[in-house]
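Enquirer: First the structure, which I've put down as structure tokens, then a few questions once you've had a look.
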């Protein structure tokens, strides 16, 4: 089938197909994480970013492809999570600018737009690294530009683009030694390749014959819980919840006595989209799973039965749930009021500043607040906040200027994008760890200007050594270390230096690697998977190494890492 133009209809189908494919392949992309730590979230980040872009595109009423591409880029920008999500947003930012005035797209327009996307993505990264998503888009776009020299068939052009993307993806281990060492391709490049494949399949009408990934019930529940929490917990009054029933169904396609429709994803999705919000539809050849917030759960079930047999149904009254949450909150407030008040922090004139820190764990949040942070964004490993999350925190602060502590290098690009679109001046402190973020706060001066504070706080980052203890999620070998699944690892400034089946031994060996003759202070923050007794035991062992060391212990409540350790 020859196609020479892309109309608004084709473009919309391309975008939705890409979003669906990333949804289905998210866990596979996550599994390509180089380090075997339980925080491989590239697939999740790209999927959520693309879902935001697809939502904006779907809600755009214009029939001009240029306007749809602009909506896609805007949605990707605001929903971008992690470096991979931000780079994906930059690709489509360049793409959208190249087609801004286009009613429809020709093969030449498409090739030029991909090339513009590659160029914009490279410019967005301060030090572009080959062997990543950047390599894949550059090679793919180059193949598109070559293809249009000999054909005006968009399907043929996309075939060339996908072939080049797959070849570039396959070459990433040759360009990045750490990929070859671990035996994986670049995860971001894999995600982009899936996007381009979905575009090509949508245009040509091909059906992906490979086995689609479908999240199991636990993973699906995790995704649903996140969407549910986001849409409901912000509603202070249960009566303000527009769609009151969280409805989930699972349908075995083609089975059942009431089937009168052949399953078509777009048809199935579009009807459900009219019934509510927070819609999630994931399918393979046999099963379709649905999550939606609606006022009419019965209509959702009836619709599902027209395509197959219902094999799972779950309906929760979110208004009732919210009432329960509010009652618990009141009980907690009453209990807190009855307890002796803790010594209050002295009130400090922030001179119009907001300081926003990204962290996970109530204890870590309290530590940051004690250091002068004004606002906390929940996030970090496994749950990078989006650009929109950071923009909202800045704008809602009411401050005249803001500093952002990402405390994770995978949040840098999203934070920088947020700084570009926030309502007030924003500077990023490039803290890669919780320890660096806390050290940076010691250099903050409320009376200094924004640039001076950024310079002073960034200068402190190199004065602290950061350690993290976590467990391995797979067997691998990195830098000569043979790592077994479920072993504990010690990471020092992001590099795995220790592995041991015993957590406490791994933690102590990690601290040994962090100490030198100038070390004075060791801070241990214990997480959800450790106790104060565990931290005390580690502190005692560290004190035996050097009785002149000052050791502090704090409860962090952080997930993933039983111990976070800093040495100064």
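Every number here is computed from the coordinates shown, using simple stated rules; none is lab data. The structure displayed is predicted, hence computed values, not measured ones. Here Cβ is always computed from backbone atoms with ideal geometry, including for glycine, and neighbour counts include all displayed protein chains.
Enquirer: What shape does segment 396-509 have by the C-alpha gyration tensor, where a ≥ b ≥ c are the square roots of the eigenvalues, rounded means a/c under 1.5, and otherwise prolate means a/b greater than b/c and oblate the rest?
Expert: It comes out prolate by the Cα gyration axes.
Enquirer: For the chain, what Kirkwood radius comes out of the mean inverse Cα-Cα distance, in Å?
Expert: With all distinct Cα pairs of the chain included, I get 25.6 Å.
Enquirer: Another one. How many nm separate the modelled label positions at residue 62 and residue 548, each set 7 Å beyond the Cα in the direction of the Cβ?
Expert: Between residue 62 and residue 548, the label points sit 6.8 nm apart.
Enquirer: While we're on this one: Run the numbers on segment 499-564 and let me know its relative contact order in percent, using alpha-carbon pairs under 8 Å that are six or more apart.
Expert: For segment 499-564, the relative contact order is 43 percent.
Enquirer: Now a separate question. On full extension of the chain, what length is gained from residue 122 through residue 101, given 0.36 nm per residue of separation minus the C-alpha to C-alpha distance?
Expert: This chain segment gains 5.2 nm when fully extended.
Enquirer: Taking a ≥ b ≥ c as the square roots of the eigenvalues of the Cα gyration tensor of segment 466-567, is the shape rounded (a/c under 1.5), prolate (a/b larger than b/c) or oblate?
Expert: oblate
Enquirer: Given contacts defined as C-alpha pairs under 8 Å and at least six residues apart, what's the relative contact order of segment 41-123, whole-number percent?
Expert: 30 percent
Enquirer: What length, rounded to one decimal in nm, is gained on full extension from residue 295 through to residue 178, with 0.36 nm per residue of separation minus their alpha-carbon distance?
Expert: Between residue 295 and residue 178, full extension yields an extra 37.1 nm.
Enquirer: With only alpha-carbon pairs counted, each pair once and no self-pairs, how large is the Kirkwood hydrodynamic radius of segment 8-204 in angstroms?
Expert: Evaluated on segment 8-204, it is 16.3 Å.
Enquirer: Which of 89, 200 has the fewest other C-beta atoms within 10 Å, and how do the rest follow up to the most?
Expert: Neighbour counts put them in this order, fewest first: 200, 89.
Enquirer: On a 0 to 90 degree scale, rounded to 10, what angle separates helix 532-545 from the longest Cα axis of the chain?
Expert: 60 degrees
Enquirer: Using a cut-off of under 13 Å, list every residue of segment 142-164 whose amide N is near the label point 7 Å from the Cα of residue 1 along the Cα-to-beta-carbon line.
Expert: 154-156
Enquirer: Then there's this: Could you calculate the FRET efficiency of residue 266 with residue 395 from 1/(1 + (r/R0)^6), where r is the beta carbon distance between them and R0 is 51 Å, rounded to 0.05?
Expert: 0.90
Enquirer: Would you mind calculating the relative contact order of the chain from Cα pairs under 8 angstrom and at least 6 residues apart, reporting the percent as a whole number?
Expert: So the answer I get is 11 percent.
Enquirer: I'd like the FRET efficiency for residue 317 and residue 424, computed as 1/(1 + (r/R0)^6) with the beta carbon distance as r and R0 of 30 Å, rounded to 0.05.
Expert: It comes to 0.15.
Enquirer: When the chain is fully extended, how far beyond the present Cα-Cα distance does residue 536 get from residue 517, taking 0.36 nm per residue of separation?
Expert: Between residue 536 and residue 517, full extension yields 4.5 nm more.
Enquirer: Would you calculate the separation in nanometres between label points at residue 163 and residue 145, each defined as 7 Å from the Cα along the Cα-to-beta-carbon direction?
Expert: Result for the modelled spin labels: 1.9 nm.
Enquirer: Continuing with this model, one more query. Based on C-alpha coordinates, I'd like the Rg and Dmax of segment 399-448, in Å.
Expert: 11.1, 30
Enquirer: Once R0 is set to 41 Å, what does the formula 1/(1 + (r/R0)^6) return for the Cβ-Cβ distance between residue 484 and residue 448, expressed as a FRET efficiency to the nearest 0.05?
Expert: Efficiency at R0 = 41 Å is approximately 0.25.
Enquirer: Return the ratio Rg/(2.2 N^0.38 Å) for segment 353-463, where Rg is computed over Cα atoms only.
Expert: Ratio of Cα Rg to 2.2 N^0.38 Å: 0.93.
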